[in-house]
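Peer 1: Please find one structure pasted underneath; my questions will follow.
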Amino acid sequence: KTVQDAMLLVKKEEDSVIIKQGDDGDNFYIIDSGNVDVFIKQEGDDEPDKLVASYGDGDSFGELAIMYNAPRAATCIAKSDVRLWALDRVSFKVILMKTTISKRNIHKGFLQQVPILSQLTEYEVLTIADALEEENFDDGDVICRQNDDGDRFYIIKEGTAVCSKEDDNGSTCEVARLENGAYFGEIALMTTKPRQATVTASGKLKCLYLDRKTFKRVMGPIQDILMRNIEEYNKFQAAII
């Protein structure tokens with residue numbers, strides 16, 4: 001209720017600049033309706049700005065400059081007519097900053113150790129850190145099951161997960177063990193394929209996850225890397241069949 005009372009409705013037309021990279025940060029935004037594209041300047045004046053994310057209903061942006069008293073890290077442009085709820089710098093710091101920073105710092109420190117994310121900018125890592133949710137599993141719990149539809153992408157924060165596959169004859173064999181920093185679940189989110197294996201917790205397991213919508217929004221910068229890894233996975237599967 002406190003946050004709602006402090007927010008101001010802002011309307012922007014298609015192609016309007018909501019936030020400009022390099023400017024001082026004044027507001028934190030939540031999208032009520034519409035779409036916003038996020039761009040980062042490339043090195044060299046002749047290089048076009050790089051699209052790094054796209055936001056939709058319920059997504060938020062603009063907190064980095066407020067939290068760290070730094071210039072805007074990206075330019076946000078309305079992809080359509082947009083309705084936004086804006087929270088000013090002072091209100092944001094009083095109401096939200098403590099909780100947001102605590103969650104972000106915990107996730108950021110871990111994500112910087114995940115190899116697949118090593119090529120991301122700090123802005124991109126922080127965007128993922130904000131979006132992650134945490135889930136705990138007990139020994140023997142099934143995180144995802146072979147041939148089910150996929151709706152989450154997982155990164156292992158602590159513990160071990162066992163991947164197993166069932167062949168056409170009904171026999172099941174272990175194909176991999178995943179530990180801290182390993183990820184799974186991206187194949188079902190990036191392709192039309194169902195889950196390719198059953199993943200089970202071996203002992204206590206702590207995972208960070210993104211749902212399908214959030215995965216597509218924040219993982220754009222490394223989707224090429226993920227797709228190459230999927231191709232390598234397919235070659236491996238072909239070799240063991």
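The values are calculated or read from the model by the stated rules, or taken from the named source; none is laboratory data. Everything numeric in this text was worked out from a predicted model, so none of it was measured. Here Cβ is always computed from backbone atoms with ideal geometry, including for glycine, and neighbour counts include all displayed protein chains. These area figures cover heavy atoms from the full protein model, side chains too; ligands, DNA and RNA do not enter into them. Shrake-Rupley method; radii C 1.70, N 1.55, O 1.52, S 1.80 Å.
Peer 1: Among Gly181, Ser91, Gly34, which residue has its Cα furthest toward the positive end of the charge dipole of the chain, with +1 on Lys/Arg Cβ and -1 on Asp/Glu Cβ?
Peer 2: Ser91
Peer 1: May I pose another question? For the chain, divide the Cα radius of gyration by the Kirkwood radius and give the resulting Rg/Rh value with two decimals. Walk me through the numbers before you get to the answer.
Peer 2: Values: Rg = 20.1 Å, Rh = 19.7 Å.
Result for the chain is an Rg/Rh of 1.02.
Peer 1: Next question, about the same structure. Quote the charge dipole size of segment 94-170 about the Cα centre in Debye, to the nearest 20; the model charges only the Cβ of Lys and Arg (+1) and of Asp and Glu (-1).
Peer 2: Working: 8 positive and 16 negative charges, 131 e Å.
I would put it at about 640 debye.
Peer 1: State the answer as a single residue: which of Ile222, Gly22, Ala78 lies farthest towards the positive end of the charge dipole of the chain, with beta carbon charges of +1 for Lys and Arg and -1 for Asp and Glu, about the Cα centre.
Peer 2: The one lying farthest along the dipole's positive direction is Gly22.
Peer 1: Over the chain, average the accessible area per residue using a 1.4 Å probe and give it in Å², no decimals.
Peer 2: 55 Å²
Peer 1: Over the chain, what percent of the accessible surface lies on carbon and sulfur atoms, probe 1.4 Å? Don't skip to the answer; put the middle values down first.
Peer 2: Working: 6010 of 13150 Å².
Accessible surface attributable to carbon and sulfur in the chain totals 46 percent.
Peer 1: Enter the accessible area of Ile106 (Å², nearest 10), with the probe set to 1.4 Å and all protein chains included.
Peer 2: Answer for Ile106: close to 100 Å² accessible.
Peer 1: Near Lys20, which lysines are there with a Cα under 18 Å away, not counting those fewer than 8 places off in the same chain?
Peer 2: Lys11, Lys12, Lys41, Lys50, Lys79
Peer 1: To check my understanding: the extent here is largest minus smallest coordinate of the Cα atoms along each principal axis. What are those three numbers for segment 19-158, in Å, largest first?
Peer 2: Taking max minus min along each principal axis of the Cα atoms, segment 19-158 gives 50, 40, 31 Å.
Peer 1: Anyone know which of Val94, Val17, Val162 comes out most mobile in the 10 Å Cα GNM of the chain?
Peer 2: In the Gaussian network model the winner is Val94.
Peer 1: A further question on this structure: Work out the length of the dipole vector of the chain about its Cα centre, built from +1 on the beta-carbon of each Lys and Arg and -1 on the beta-carbon of each Asp and Glu, and round it to the nearest 20 debye.
Peer 2: Values: 30 positive and 42 negative charges, 101 e Å.
Around 480 debye, computed over the chain.
Peer 1: Right, something else. Over the Cα atoms of segment 70-132, what is the Rg over Rh ratio if Rh follows Kirkwood? Show your work: numbers first, answer last.
Peer 2: Working: Rg = 14.1 Å, Rh = 13.8 Å.
In segment 70-132, Rg relative to Rh is 1.02.
Peer 1: While we're on this one: Compute the relative contact order of the chain as a whole-number percentage, counting only Cα pairs closer than 8 Å that sit 6 or more residues apart in sequence.
Peer 2: Working: 486 pairs, mean separation 46.1, N = 241.
Normalised by residue count, the contact order of the chain is 19 percent.
Peer 1: Helix-derived [θ] at 222 nm for the chain: sum -39500 (n - 2.57) over DSSP H runs of at least 4, divide by residue count, nearest 500?
Peer 2: Working: 8 runs with 73 residues, N = 241.
Helices in the chain give a 222 nm mean residue ellipticity of -8500 deg cm²/dmol.
Peer 1: Now for a different question. Of the residues Cys144, Cys207, Cys173, which exhibits the maximal mean-square fluctuation in a Gaussian network model of the chain defined by a 10 Å Cα contact cut-off?
Peer 2: Cys173
Peer 1: Say each of Ile106 and Thr121 gets a label point 7 Å from the Cα, pointing the same way as Cα to Cβ; how far apart are those two points in nm?
Peer 2: 2.8 nm
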